[in-house]
Each structure stands twice: as C-alpha cells, then as structure tokens.
Amino acid sequence: MPTDLTYMSLALSEAERARALGEVPIGAIVVKDGKIVARSHNRKETTADPTAHAELLVIKKTAHKLKNWRLTGCTLYVTLEPCPMCLSAIIQARVDRLVFGAPDPVMGACGGKLDLTSVHSANPTIEITSGVLSEECRDLIDRFWKQRRKK
C-alpha cells in the first residue's frame, strides 16, 4: 500500500515539471481511497495568473473529476507548506488531510510564517502532517533559486 513517502515522491515529480517550465518548483497531488485523483504544479508564470498555485490547480482538477466541490475523504500532498490563500482553499474544499514537505518561513500558513490552522471556524478541522521528504522538497526549491540568481 502506498505511503505518505510514496505520494510525496509523486508530488516532487510534479514540482520537477514546474521547474522545467521555469516555475517555482512546487507540486501537488490529491489522493482518495488510495488512488491519485489529480496532479498539478505551479503555473503562475506560464499562465500569468497569480492564483495558479499547485494546490489551487489540483483542487480544481479534483473537484472537476469528482463532480463535487467537497473533497471529503481526500488527502492533498504538496511539496511546500501552503500559503494563506491555498490553505483557505484547502479548508473551503473540505479536504480531510493535508501533507506537506518543506516548511515555508516566508509565506507558510501552517506555522511557518503564521498559523492559520489554529483559527477556529465552523468548518471541520483538517488533519495536517508536515515534514514528509522535507529535505528533498527544500533542496529542489533552493537549487531553483540559486540557478535563478545566477541569471
């Protein structure tokens, strides 16, 4: 049976696809009942859309495939801690579980920069697992920014 490590490895593959496009290398997948429903990666630059984060794109794909905006029973895997916009969308979509790789001290909303997960709301609480393949996820992003700075 696949594990969090397996699924995060697949999210890392999506992040590599983003890097190949010149995008910040962040990848995401959604799993339901042990099956991958959707995959995506950052596309802000290629779409000229500031909301084209991997998480938002994979949520849209999943909702479309499931024909339901409520993604209950789903786990979202993403290589970097979600920003406030993405975490809000994850909560709004009723995702049961969020698994992320590297923390984001600049924009992270799950404790990296701020902690929106502690804000109580009418929505159900999301289960969060952090640090899955954290070093690999962080290394990919760090290499991307080093290459960018050289240009």
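The values are calculated or read from the model by the stated rules, or taken from the named source; none is laboratory data. None of these values were measured; they are calculated from a predicted model. Glycine gets a Cβ as well: all are built from the backbone with ideal geometry, and neighbour counts include every protein chain shown. Only protein heavy atoms, including side chains, enter the accessible area calculation; ligands, DNA and RNA are left aside. Shrake-Rupley method; radii C 1.70, N 1.55, O 1.52, S 1.80 Å.
Surface composition of the stretch 1-48: carbon plus sulfur atoms hold 53% of the accessible area, using a 1.4 angstrom probe and ignoring ligands, DNA and RNA.
Plainly put, the stretch 69-121 has a radius of gyration that is 0.95 times its Kirkwood radius, both from alpha-carbon atoms, as the Rg/Rh ratio.
A crude spin-label estimate for the pair Ser13 and Ile36, with each label 7 Å from Cα along the Cβ direction, gives 0.4 nm. Solvent-accessible area per residue in the chain equals 54 Å², computed with a 1.4 angstrom probe and all protein chains kept. Highest average first, the peptides 94-105, 34-45 ordered by how many other beta carbon atoms sit within 10 Å of their residues are 94-105, 34-45.
Taking a ≥ b ≥ c as the square roots of the eigenvalues of the alpha-carbon gyration tensor, the stretch 1-84 is classed oblate because a/c is 1.5 or more while a/b is no larger than b/c.
Looking at the chain, send over the antiparallel percent of its DSSP beta bridges, to the nearest 5. Of all bridge pairs located within the chain, approximately 55 percent are antiparallel. Take each peptide in 143-149, 49-55, count the other Cβ atoms within 10 Å of every residue, and average; sorted highest first, the result is 49-55, 143-149. A 1.4 Å probe, protein heavy atoms only, puts the accessible area of Cys110 near 30 Å². Rounded to the nearest 20 debye, the dipole size of the chain about its Cα centre is 580 debye, using +1 on the Cβ of Lys and Arg and -1 on the Cβ of Asp and Glu.
What is the distance in Å between the Cα centres of the stretch 1-61 and the stretch 94-151? Centre-to-centre (Cα) distance: 13 Å. Relative contact order for the chain: 20 percent, from Cα pairs under 8 Å spaced at least 6 residues apart, divided by residue count. In this structure, the pairs whose alpha-carbon distance is over 26 Å, taken from Lys61/Lys146; Lys44/Lys113; Lys44/Lys150; Lys44/Lys65; Lys35/Lys67, are Lys61/Lys146. Taken over the chain, the convex hull of the Cα atoms encloses 101 Å³ per residue.
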